[in-house]
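Some notes on the structure that comes next.
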Amino acid sequence: MTHTQKRIIINNLVMVLSTLSAVIGIGFLIWILGVLVINGIDALSMTIFANEGAPPGNEDGGLKHALIGQLILVSYATLFGVPLGVLAGTYLSEYGQKAKLAETIRDVSDIMMSAPSIVIGAFVYAIVVAPSGHFSGWAGSIALTIIMLPIVLRTTDDMLQLVPSTLREAAFALGAPKYKVITQVVYRGAKAGILTGILLAVARVAGETAPLLFTSFNDNFLNTDMSQPMASLTVTMYNYATSPYEDWQKLGWAAAFILSMFILTLNILGRLFLLKKRGK
Amino acid sequence: MATIVDITEEKALKVKDFEFTYAGTDAPSIKKLTMPIAKHSITALIGPSGCGKTTLLRSFNRMHDLYPGNKYNGEIIFKERNILTPKEDLIKLRIQIGMIFQKPTAFPMSIFDNVAYGLRLQGIKNKTELQGRVEKALQDAAIWNEVKDRLKHDANGLSGGQQQRLCIARAVAVEPEILLFDEPTSALDPISTAGIEELIVELRDRVSIIIVTHNMQQAARVSDYTGFMYLGELVELGRTEELFVTPKERLTEEYITGKFG
């Protein structure tokens, strides 16, 4: 066998193996989505959006309580997490730069990003739920905020650092004070990237179950009082899917489907923002 | 000691025993440099890479202050005062001494907002005044006819040469006394370069101009005075035609004849 023949065989072998691996990976994704869509659409109906939870055996049970609860929990987490994360990221990129404090914050936030979310749930349980004596929506939102924070912080930091320093210098050279350089020039340059980061962070916390089990817990009925336990799609899905009742299991599929579509939409939106930016 | 021609005009800047040291280094990048800059004329700074010409230029509007740890010594006199003192108001200084960069730095906003940026920073809110001054600046930068119908469009949609002229308009709009050009055409094609050079010459009547360039022909084409720098020192400052035809220093002659650099 000549050297060239050998090289062609190895080349083909590597190509076939890597293609096969990719196909297997994507295959599983399609399988999951397929099962989800088939079971989910089957379980979907108008009553799901109109009705609250019902005891097993009752055909009128819905997910309205979980949908609204989820929306409230994630909205508050976004309300707290985004400004905190963006401001902290601004500090890292524009003020801290390579300073020791900034580098430490970056390392810690990277560790936080990979921390198991159940640990964060347990932490919020210890500092909020245990002292107050009961589960609450606030505790749930705080747990989600903590999960969201490092993601928003690091994306903001990364996106701001991508803005060329000559752009900052040009603004300074016109006599702009630092805060105006940041808010009027740097933020504008990084807008699409930061927005994408925020959307992906919202998508990430919207799919969390473990931290909510310890904090907002659950409620089978509609509750909008943040100081009380609150239903969420994820925890409802967990409860319904593991129950022995067929109608509850069906609602679990519906919850899984709705949640996946919501997160998929956020992800696609995030990618569209980035594409639009690159397209320029 | 450097050979410095006698400048008869008024001075825009007087550099005296100026030393500059970058953060984290011991050796100064500019050593005991003394140099007058003539008012309402164009002074070009030439020299091989690393000779300190850009470092010197960025000292005139204290750009180095944006990064911690850089050190200035000596004096740069502008309007009877040393601008290197800590009490110098950098915002005011940078309004009076504008800067154009190597790469065009159009802000991610509309063409109009780009030019109005410096004016708005100074608190000008009146719409008619803003419009008038933006239009005048764009005319001064010879780009008005190309952009007058799309002032609301994103400035990043302009070509490189147009963006650079937009940046010049933005700098001219605040009516500075000195304009610093840091290799303003090195990222542009020859036609845009010619346009920018023409513009620089036209601006001379209103502002004093200092231009750093890698291109000796450019220095010869546009400038009245040329300073040749080498290893952080000024070797020779002369009238441009004299410096290029009959340089006084051997080092200058070797550089302009291409023996090194």
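The values are calculated or read from the model by the stated rules, or taken from the named source; none is laboratory data. Because the structure is a prediction, the values reported are computed rather than measured. Note: ideal-geometry Cβ built from the backbone for every residue, glycine included; neighbour counts use all protein chains shown. The protein model used for the area step is the full one, side chains on, heavy atoms only, and it has no ligands, DNA or RNA in it. Shrake-Rupley method; radii C 1.70, N 1.55, O 1.52, S 1.80 Å.
What to note about this one:
- Here A:Ala171 does not qualify as assigned to a helix (DSSP H, G or I), under 23 Å from A:Gly96 (Cα atoms), under 24 Å from the mean Cα position of the chain (by Cα) and within 14 Å of chain B (Cβ to nearest Cβ).
- Listed here are the helices (runs of 4 or more DSSP H) enclosed by region B:61-164 that have at least 2 residues being open to solvent by 10 Å² or more (accessible area, probe 1.4 Å) and charged (D, E, K, R): B:90-96, B:111-121, B:127-140.
- Any hit, region A:241-250, residues being part of a loop (DSSP other than H, G, I, E, B), without any contact (Cβ under 8 Å) to a residue 24 or more places away in the chain, more than 20 Å from A:Thr155 (Cβ to Cβ) and touching a Gly at 6+ places or on another chain (Cβ under 9 Å): yes
- At least 2 residues being farther than 22 Å from A:Met226 by Cα and in contact with a Ser or Thr (Cβ under 6 Å, 6 or more places away or on another chain) is the threshold, and among the helices (runs of 4 or more DSSP H) wholly inside region A:1-104 those reaching it are A:64-90.
- Residue match in region A:205-213 (condition: among the hydroxyl-bearing types (Ser, Thr, Tyr), open to solvent by 10 Å² or more (accessible area, probe 1.4 Å), away from every other protein chain (no Cβ under 14 Å) and in contact with a Gly (Cβ under 7 Å, 6 or more places away or on another chain)): no
- Matching residues, region B:176-205, being aliphatic (A, V, I, L, M) and in a helix (DSSP H, G or I): B:Ile191, B:Ala194, B:Ile196, B:Leu199, B:Ile200, B:Val201, B:Leu203
- Residues of region A:160-179 that are surrounded by 18 or more Cβ atoms within 10 Å (Cβ to Cβ) and without any contact (Cβ under 8 Å) to a residue 60 or more places away in the chain: A:Val163, A:Leu167, A:Arg168, A:Glu169, A:Ala170, A:Ala171, A:Phe172, A:Ala173, A:Leu174, A:Gly175, A:Ala176.
- Residues in region B:86-140 that are among the aromatic types (Phe, Trp, Tyr) and at the interface with chain A (Cβ under 8 Å from one of its Cβ atoms): B:Phe101, B:Phe107, B:Tyr117.
- Qualifying residue in region A:251-272 (condition: touching a residue at least 24 places away in the same chain (Cβ under 8 Å), over 22 Å from the mean Cα position of the chain (by Cα) and open to solvent by 10 Å² or more (accessible area, probe 1.4 Å)): yes
- Within region A:4-22, the set of residues being β-branched (Val, Ile, Thr) and either under 22 Å from the mean Cα position of the chain (by Cα) or surrounded by fewer than 10 Cβ atoms within 10 Å (Cβ to Cβ) (or both) comprises just one member, A:Thr4.
- Checked against (1) touching a residue at least 60 places away in the same chain (Cβ under 8 Å); (2) farther than 14 Å from A:Ala206 by Cα; (3) not basic (Lys, Arg), A:Ser114 passes all but condition (1).
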